[in-house]
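Please treat every number below as a calculation from the coordinates, not as lab data. Since this is a predicted model, take the numbers as computed values, not measurements. Cβ sites come from the backbone with ideal geometry, for glycine too, and all protein chains shown count toward neighbours.
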Amino acid sequence: MLFGKEFLPDYPQCELRMARFRGTDKTEFLDQRHVRGPAFKLLEEAQLFCQRHFPLPGKIVPGKLQRVDTPLIPPDAMREILVNALIHRDYSIAGGAISLAIFDDRVEVWSAGTYPTGITPDMLTRQHLSVLRNPIIADIFHRGGLIEQWGRGTNRVVEMCRKAGIASPVFQENGPFAVVTFRVRVGETAQVAPQVTPQVAQQVTPQVEAILNAARLAASAEALQRAAGLKDRVHFLKSYLRPLLERGWLERTIPDKPRSRMQRYRTTEAGLAALASRLIQGV
């Protein structure tokens with residue numbers, strides 16, 4: 001679970017399922033990813049997915065040179081819940097997984113198995129003892145500085161949410177699953193879709209589609225060029241990468257250092273909407 005390299009067919013439960021749904025139910029999704037890997041890799045993938053789909057409102061504050069950004073959910077709070085899902089889930093359920101579901105009006109984290117014996121959902125918002133279902137996994141995360149072992153994690157999440165001015169998460173059990181729900185306004189997807197008119201959707205060529213799909217998880221320019229099957233780097237930069245950045249379908253991961261050798265590119269909400277529009281219209 002922690003350091004494995006091959007997971008099928010023996011360990012299918014080492015899986016993370018992620019989806020960004022349109023609206024408030026699971027009728028239609030805008031983006032989805034299934035990843036199998038060790039726990040630390042799954043945590044990284046979940047955080048990247050949140051970064052790609054959470055809005056980041058910002059404002060200019062008098063007396064400060066830089067814009068002040070306000071995350072949708074405090075990053076440390078979101079990470080704490082994801083870590084808890086990884087270290088407390090029931091790994092004996094072979095078909096189980098960690099699920100991250102993002103809707104317009106909420107964010108849900110599901111993990112296979114109910115809460116550990118002796119812990120009820122209502123206890124998690126007040127003082128409680130730490131009960132570890134997977135002590136070895138928890139110990140490694142503790143050694144990595146990602147958790148404490150004193151049963152304070154969920155209390156800290158509640159405190160961080162209160163300070164950020166958002167509702168405390170709701171802890172529930174739904175059948176054989178533990179569920180944590182953040183009631184936050186992720187965004188109205190209907191505001192994104194109209195920007196992708198049929199005329200724009202027709203510009204999603206197979207090469208553009210390949211680039212946008214490859215950039216769902218941040219990728220280098222070289223990786224995107226390979227995904228598009230283009231050999232001429234200058235042509236790729238002038239005809240694909242720069243126009244996609246200008247159109248707002250791609251964004252830099254290091255915007256203040258466009259020439260950084262660590263620069264990566266990822267698909268924006270508008271880019272995902274363009275892909276969805278192309279699929280819907282069969283272009």
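Things to note:
- DSSP beta bridges in the chain [antiparallel fraction, %, rounded to 5]: 85
- Projected area, mean over directions - the range 15-182, Cα convex hull, nm²: 10.9
- Sorted by Cβ neighbour density within 10 Å, fewest at the top, the residues ILE87, ILE254: ILE254, ILE87
- Packing-based exposure ordering (other Cβ within 10 Å, fewest first) of LYS41, LYS5, LYS257: LYS5, LYS257, LYS41
- All aspartates and glutamates inside 14 Å of LYS5 as judged from Cα atoms, apart from same-chain residues fewer than 8 positions distant: GLU15
- Potential lengthening between SER92 and THR253 on full extension [0.36 nm per residue; Cα-Cα distance subtracted]: 54.2 nm
- Helix 39-53 and the longest principal axis of the C-alpha atoms of the chain enclose an angle of approximately 50°.
- For LYS238, a cut-off of 13 angstrom between C-alpha atoms picks up these aspartates and glutamates, skipping any fewer than 8 places away in its own chain: GLU246.
- Under 13 Å from LYS26, Cα to Cα: aspartates and glutamates that are on another chain or at least 8 residues apart: ASP104, ASP105, GLU108
- Per-residue [θ]222 nm for the chain (sum of -39500 (n - 2.57) over DSSP H runs n ≥ 4, rounded to 500): -9500 deg cm²/dmol
- Principal-axis tilt of helix 153-164 within the chain, Cα atoms, nearest 10 degrees: 50
- Net +/- balance of residues flanking ILE166 in space, Cβ distance below 13 Å, scoring K and R +1, D and E -1: +3
- Inter-label distance for ASP10 and ARG242, nm, one decimal - labels placed 7 Å from Cα along Cα-to-Cβ: 5.2
- Against the set (i) 1.24; (ii) 1.08; (iii) 1.15, the structure's computed Cα Rg over 2.2 N^0.38 Å falls on (ii).
- Residues GLU44, GLU6, ranked from the fewest to the most other C-beta atoms within 10 Å, line up as GLU6, GLU44.
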